[in-house]
1. Under the 0.36 nm per residue contour assumption, what length would be gained going from the current alpha-carbon distance of Leu296 and Ala155 to full extension?
2. Counting only protein heavy atoms and a 1.4 Å probe, tell me what percentage of region 59-118's accessible area is made up of carbon and sulfur.
3. What does the accessible area per residue of the chain come to in Å², with a 1.4 Å probe and no ligands, DNA or RNA counted?
4. Order of 58-66, 250-258, 362-370 by packing, highest average Cβ count within 10 Å first?
5. Report, in debye and to the nearest 20, how large the dipole of the chain comes out about its Cα centre when Lys and Arg carry +1 and Asp and Glu carry -1 on their Cβ.
6. What does the charge dipole of region 56-189 about its Cα centre add up to, to the nearest 20 debye, if the Cβ of each Lys and Arg holds +1 and the Cβ of each Asp and Glu holds -1?
7. List the cysteines of the chain that have no other Cys Cβ closer than 4.7 Å: which are they?
8. Working out 0.36 nm times the residue gap between Thr12 and Asp241, then minus their Cα-Cα distance, what length gain in nm do you get to one decimal?
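The values are calculated or read from the model by the stated rules, or taken from the named source; none is laboratory data. What you see is a predicted model; the values in this text were computed from it and never measured. Because the Cβ atoms are built from the backbone with ideal geometry, glycine has one as well, and the counts that use them run over all protein chains shown. Side chains are part of the model used for accessible areas, which takes the heavy atoms of the whole protein and leaves out ligands, DNA and RNA. Shrake-Rupley method; radii C 1.70, N 1.55, O 1.52, S 1.80 Å.
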Amino acid sequence: MSSTFRWICESTDGLARAGTLHTAHGPVQTPTFMPVGTAGTVKAMTMDAVRSTGAGIVLGNTYHLMLRPGAERVKQLGGLHKFMDWSGPILTDSGGFQVMSLGALRKLDQDGVTFQSHIDGSKHRLDPQRSTDIQHALDATITMCFDECPALPAAPEAIAASMRMSMRWAARSREAFIQREGYGQFGIVQGGTEPELRAESVKALTDIGFEGYAIGGLAVGEGQELMFSTLDVTTPLMPNDKPRYLMGVGTPDDLLGSVMRGVDMFDCVMPTRAGRTARAYTERGHINLRNARFALDARPLSPHCDCLACTRHSRAYLHHLFRADEILGPMLLTWHNLAYYQRLMRGIRAAIVDGTLSAHAEHLRAEWQAGDW
Ligand SMILES: Nc1nc2cc3nc(NCCc4ccc(CCO)cc4)[nH]c3cc2c(=O)[nH]1
Ligand SMILES: [Zn+2]
C-alpha cells in the first residue's frame, strides 16, 4: 500500500468535500477536527480516551515543545508519536502564532522572531529554518510553514507587509523541509480580511507548491461574519485537490459554516478548554454545569452520546465534581466535548456523502437553537 501523502476527494455537496487524507501514520477521513495536544498531551485525556472519541489526527505545538521538554529530547526519546503514545498522524503548528500570543518579550525582524520563554524567561529564536528543523525533530506528520499572524483589525498596508513577509518565510520553510514519503508540509494563506491580499497569498503559496494549504490570520477576533466572508473569497482560489485547513476554528457553528465553504481540517482549544471550565457542548447548544439547576438532574449530558460521561454518569454528578473542584470533572467533560465534536464532524461528512448537507445544516442549527432538553 502506497503511503504517499495525498488527499483523495470522495464526495462533494456544494463547496463541501468529503475525502481521505493518506499519510505515513495512517489515513484520516475529512472533514476532520484535530484535538489540540499542545505540549504533547491533549489536556486531561489519556490517548486511549482520545482514540475512543474517533479522533484521527492531533495537533502539537512547536513553541511549547521546544521550550519544554525540548525538541532534541523528544527526538532522543523516539519522536512525538512514541513520546505521547499516538500512532496516528500529528500536525504541528510552527510557533509564530504562539510566540505572539504567549512569548513574554519578543522582537520580530524580517528573518524571524527572538523571544523570552513564558516559562523561565530564557531567550530563544524562531525562524523558518529553526521551526522546520524542530518539527522534523518531533517527527511531525504534517509540518506547518513559519509565518506571522497579524493582530486584527489592522491597516491594509500593514496586513500586506506582514503577508509578504510570511510568503518569503514560506519559501524558506519549503527549502528547509526534508521530504519524506507520507509526510507533508502545509503553506499558510495570510492577508487578513482583504480579498486581493488573500488572492496574492494563495498564488505565492501555490507557486511554491505544498502538500496542503492552511488558512491562517483568522479566528483572531474578527468575528464569524468576517471570517466567513474571507473564506468565501479564499477557498475557491485554493487548489481543489489538496486539503484546506482553517487554523484555530472553532465553535460547532463555525465548523459547519466553514465546511460548507470548502474547508476540510480544523483545530481549536474550545472543546478541551471548555471541558476544564464546566462548559458542555451538546446537540442542543452548550450548558454550564456549575449552574445549580443541574444539582438534581439525573439525565446524561446528551442522550445521543456514547462517551464515558454520558453512559456512566448524570449531569448532577458532573455538577458535583465541578462544584467540588474534583479532577474527574475536567477529565469526563473534556472527553464528552471531544466526543461531541467528532460525532458532529462524522454527521457532517455523512451528509456530504448523501448529498443532504443543506438539510443537515438546517437540522443542526434548529437543534442548537432549540435549547437544552
Ligand atoms: N501558524 C499559525 N497558527 C495560527 C493559529 C491560530 N489560532 C487561531 N485562533 C485560535 C483562537 C482561539 C483562542 C482561544 C480559544 C478558547 C476560547 O475559550 C478559542 C479560539 N488563529 C490562528 C492563526 C494562525 C496563523 O495564522 N498561523
Ligand atoms: Zn458524552
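1. Result for the pair: 45.5 nm of gain on full extension.
2. 53 percent
3. 41 Å²
4. Put in order of decreasing packing, that is 58-66, 250-258, 362-370.
5. My answer is approximately 960 debye.
6. About 200 debye.
7. Within the chain, the cysteines lacking a partner Cβ under 4.7 Å are Cys9, Cys145, Cys149, Cys268, Cys307.
8. Length difference between fully extended and current span is 81.2 nm.
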